[in-house]
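A short worksheet on the structure shown next.
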Amino acid sequence: MLTRVLPPSGPRRRQRLRYSIVAAIVALTAAVTSWTAIGPLRLAGAEETPLSQGKPASASSVEGASWSAARAVDGDDRTRWSSAFQDAQWLRVDLGAQARVDRVVLRWERAYATAFEIQVSPEGATWNSVYRTTAGTGGEQELDVSGEGRFVRVHGTKRATGYGFSLWEFQVYGTRLEPAPTAGPTSTPGTSPSTEPSTLPKPSPSMSHPGHGSGEGGGYVMADQPVTGVVPSTARPPRKEHREFQANCAPSHRLPDDPIVFPNRAGASHDHTFMGNTTTNAASTTASLLDGNTMCVVPGDKSGYWMPTVYNGDTPVLPDGPQVIYYKSGVRDYTSVRPFPVGLRFLVGSPTTTAAQFESSPAYQKGWECGDSYENVDFPASCPAGTQLNIRMQAPSCWDGLHLDTPDHKSHIVYPVDEVCPVDHPVAVPMIEFKMAFPVSGDMSKVRLSSGRGYSFHYDFYNAWDIPTLTALVKHCVNAGRQCDARGYDQFDPSAGAALDEHYQVAGSREILDRTGWTATASRTGDSPAKMLDGDRNSRWTTGAPMTDGQSVTVDMRGVHPVSGLSLLSTGSDYARGYEVFLSTDGNTWTGPVADGKGFATQILATFAQRDARYIKVVQTGSASSWWSVAELTVYSG
């Protein structure tokens with residue numbers, strides 16, 4: 001007869017159960033005690049999501065569209081990032097907030113690095129190494145590290161194969177030092193999760209710099225019209241020595257403001273010298289810039305350009321007159337360059353860079369110069385009397401097509417690699433190059449920047465171009481491989497004409513009013529005011545006396561017209577040093593000033609919201625030993 005052995009019953013079974021419960025409680029208590037003593041508890045078998053998963057990633061290069069940087073942080077072991085076939089390549093991820101990083105996992109494809117570093121950075125500009133090896137073995141490497149930062153990158157310096165560097169997964173683990181915000185940018189159809197972060201980073205004091213860094217302007221600003229489906233061009237059009245035009249803009253003011261890094265925080269930045277838009281301040285927005293006036297030669301360029309102020313001791317040194325700001329092609333296929341989207345903004349360089357970082361940066365162009373002294377990373381000890389201190393610096397020109405701004409104000413626009421945009425930043429836009437000249441010479445020992453040493457030079461750009469004007473210049477000059485001035489005219493290709501008309505606007509974009517029957521009067525007359533309306537540039541009205549504040553000219557158009565702007569053409573140095581424009585329908589009640597600004601060139605172009613007027617009064621608001629003269633006064637409508 002078969003019998004079945006039964007488990008113990010009654011009190012003995014309950015006793016063993018009690019022992020098991022007590023043992024579990026003791027183990028859990030020990031674990032909690034350990035956690036409070038040495039840090040967070042990682043339970044065996046628990047799935048820990050990397051801080052890096054799904055976050056924005058970028059790379060120094062990519063092998064092709066199928067191997068973008070985002071594929072190394074997507075949590076999928078079947079996709080990977082692969083670089084160009086050369087040493088010194090990197091992959092970085094933006095964790096979205098400051099974090100304490102304690103572990104990094106690298107899952108290499110067969111194209112691994114034998115020498116590489118793991119680096120962290122608070123703002124994506126200055127990097128600290130937390131791991132370094134020259135004996136990498138490939139495969140899966142789990143690295144214990146210790147460091148804090150928002151950005152983490154693996155920087156390969158030597159390849160194991162003839163291919164590039166390739167990672168199936170780049171995983172960063174640790175503890176977020178800041179709470180994760182709950183709101184994020186709106187996703188754009190067709191974009192991958194890795195390029196559309198689900199949370200916005202919250203800035204912290206450790207991310208900020210007295211002038212730059214992530215500051216408090218952090219956040220993803222999406223483009224109203226994202227540019228997707230673009231493949232970086234590898235075409236080789238006929239070689240052209242120049243593919244550029246100039247945006248000549250004069251300094252307008254100084255302020256300790258930065259509307260990109262510290263929006264709405266007046267005085268939060270180091271001192272900046274502002275060029276172009278005359279209204280740029282901490283509260284500036286795309287809309288306010290478009291409504292502002294400009295110190296650029298082209299009235300359609302209302303962009304804000306700014307840089308740290310140069311000082312000689314405690315005396316600010318501002319550039320004299322219009323400075324050359326080139327718009328060039330940074331890629332080999334100059335025909336693929338397209339205009340900036342309105343509202344695009346970014347930083348070039350950083351005030352926190354070291355001398356070595358400044359010199360090795362792709363922005364660097366021969367450093368500081370004066371006389372016969374070149375390639376100076378910091379200010380030269382002295383400059384020949386009467387010379388100027390010069391610097392050139394180039395901006396990145398490959399846009400991701402999605403963001404007008406990112407938390408570090410840099411990640412959305414990068415430099416091309418071997419003259420081709422990377423796959424994750426495929427849109428070629430103009431490469432801005434600052435060419436600044438500061439009137440200071442002699443002993444340079446007291447010359448400094450508001451941001452620090454000479455190698456802390458950097459600049460900001462906030463695009464507010466009139467779209468048709470910028471499009472015309474890019475198409476006529478950059479895409480056609482010409483060397484153009486601010487009007488879009490190439491003196492070496494005169495038969496091509498110019499992109500803009502004589503008033504620096506797209507031909508036909510505004511109506512020039514017929515001046516037949518118009519009359520003019522002036523508060524002071526050396527020559528007849530009628531000469532400013534006679535169509536002869538060789539004749540002119542003048543004050544016949546040095547410029548003083550309050551001198552004016554008034555034009556009667558003999559009828560009410562819709563008016564949106566005017567041009568004052570002078571000769572030599574006789575242009576108004578400052579101006580205000582007033583409008584009236586009856587000659588008694590005046591509206592304005594509808595436009596005002598500083599004069600810095602022989603032609604002053606003032607634009608404003610269209611209004612009905614019969615009378616126009618221009619008041620000269622500056623002073624100079626020169627007479628004020630006007631050879632031609634032209635009025636626009638539309």
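The values are calculated or read from the model by the stated rules, or taken from the named source; none is laboratory data. What you see is a predicted model, and the numbers here were worked out from it, not measured in a lab. Because the Cβ atoms are built from the backbone with ideal geometry, glycine has one as well, and the counts that use them run over all protein chains shown. We work out accessible area using only protein heavy atoms, side chains counted, and drop any ligands, DNA or RNA first. Shrake-Rupley method; radii C 1.70, N 1.55, O 1.52, S 1.80 Å.
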Scope region 546-573; condition touching a Lys or Arg at 6+ places or on another chain (Cβ under 8 Å) and under 16 Å from residue 621 (Cβ atoms); matching residues: 547, 551, 552, 553, 554, 570
Can you give me the ranges of the strands (runs of 3 or more DSSP E) entirely in region 218-296 with at least 2 residues that are open to solvent by less than 20 Å² (accessible area, probe 1.4 Å) and among the hydrophobic types (A, V, I, L, M, F, W, C)? 272-276
Residues located in region 118-135, provided they are over 19 Å from residue 350 (Cβ atoms), open to solvent by 40 Å² or more (accessible area, probe 1.4 Å) and not small (Gly, Ala, Ser): 131, 132, 134
Tell me, please, whether a residue that is under 30 Å from residue 551 (Cβ atoms) and open to solvent by 60 Å² or more (accessible area, probe 1.4 Å) can be found in region 464-480. no
Residues of region 481-495 classified as open to solvent by 30 Å² or more (accessible area, probe 1.4 Å) and of a type outside the set (Phe, Trp, Tyr), total: 8
Do the conditions hold for residue 501, that is, is it under 19 Å from residue 606 (Cβ atoms), surrounded by 13 or more Cβ atoms within 10 Å (Cβ to Cβ) and at pLDDT below 95? yes
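Quick check: anything in region 384-394 of a type outside the set (Val, Ile, Thr) and under 12 Å from the mean Cα position of the chain (by Cα)?
Initial filter on region 384-394 (of a type outside the set (Val, Ile, Thr)): 384-386, 388-390, 392-394.
So of that shortlist, the ones also under 12 Å from the mean Cα position of the chain (by Cα) come out as 394.
Yes: one or more hits.
The rows are residues; the columns are (1) open to solvent by 30 Å² or more (accessible area, probe 1.4 Å); (2) touching a Pro at 6+ places or on another chain (Cβ under 6 Å); (3) within 21 Å of residue 48 (Cβ to Cβ).
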residue	(1), (2), (3)
67	yes, no, no
81	no, no, no
86	yes, no, no
90	yes, no, no
102	yes, no, yes
105	no, no, yes
110	yes, no, no
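If you scan region 555-586, which residues turn out to be open to solvent by 30 Å² or more (accessible area, probe 1.4 Å) and not aliphatic (A, V, I, L, M)?
The answer is 558, 561, 562, 571, 572, 573, 575, 577, 580, 582, 585, 586.
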Selected residue (criterion: least open to solvent (accessible area, probe 1.4 Å)) from residues of region 362-376 that are assigned to a loop (DSSP other than H, G, I, E, B) and closer than 30 Å to residue 478 by Cα: 363
Considering only region 344-361, I want to know if a residue exists there that is closer than 20 Å to residue 252 by Cα, open to solvent by 30 Å² or more (accessible area, probe 1.4 Å), more than 14 Å from the chain's Cα centre (by Cα) and of a type outside the set (Asp, Glu). no
Report every pair of residues separated by at least 6 positions or lying on different chains whose Cβ atoms are under 7 Å apart, first residue within region 306-334 and outside any strand (DSSP E or B), second of a type in the set (Phe, Trp, Tyr). 319/438; 321/600; 322/600
Report, by residue number, each residue of region 567-623 that is under 20 Å from residue 513 (Cβ atoms), polar (S, T, N, Q) and more than 37 Å from the chain's Cα centre (by Cα). 584, 585
Residues that are open to solvent by 50 Å² or more (accessible area, probe 1.4 Å), in contact with a strand residue (DSSP E or B) (Cβ under 8 Å, 6 or more places away or on another chain), over 18 Å from residue 602 (Cα atoms) and part of a loop (DSSP other than H, G, I, E, B): does region 531-540 have at least one? no
When the residues of region 478-524 are filtered to those that are aliphatic (A, V, I, L, M) and either assigned to a loop (DSSP other than H, G, I, E, B) or within 25 Å of the chain's Cα centre (by Cα) (or both), which remaining residue is farthest from residue 333 (Cα to Cα)? 513
How many of the residues in region 587-599 are open to solvent by less than 40 Å² (accessible area, probe 1.4 Å) and in contact (Cβ under 8 Å) with a residue 24 or more places away in the chain? 4
Among the residues of region 119-130, are any of a type in the set (D, E, K, R) and more than 16 Å from residue 170 (Cα to Cα)? yes
On the basis of being touching a residue at least 40 places away in the same chain (Cβ under 8 Å), assigned to a loop (DSSP other than H, G, I, E, B) and either open to solvent by 40 Å² or more (accessible area, probe 1.4 Å) or touching a Gly at 6+ places or on another chain (Cβ under 7 Å) (or both), does residue 77 make the cut? yes
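Please go through region 388-427 and pick out each residue that is β-branched (Val, Ile, Thr) and modelled with pLDDT under 95.
Selection gives 406, 417, 423.
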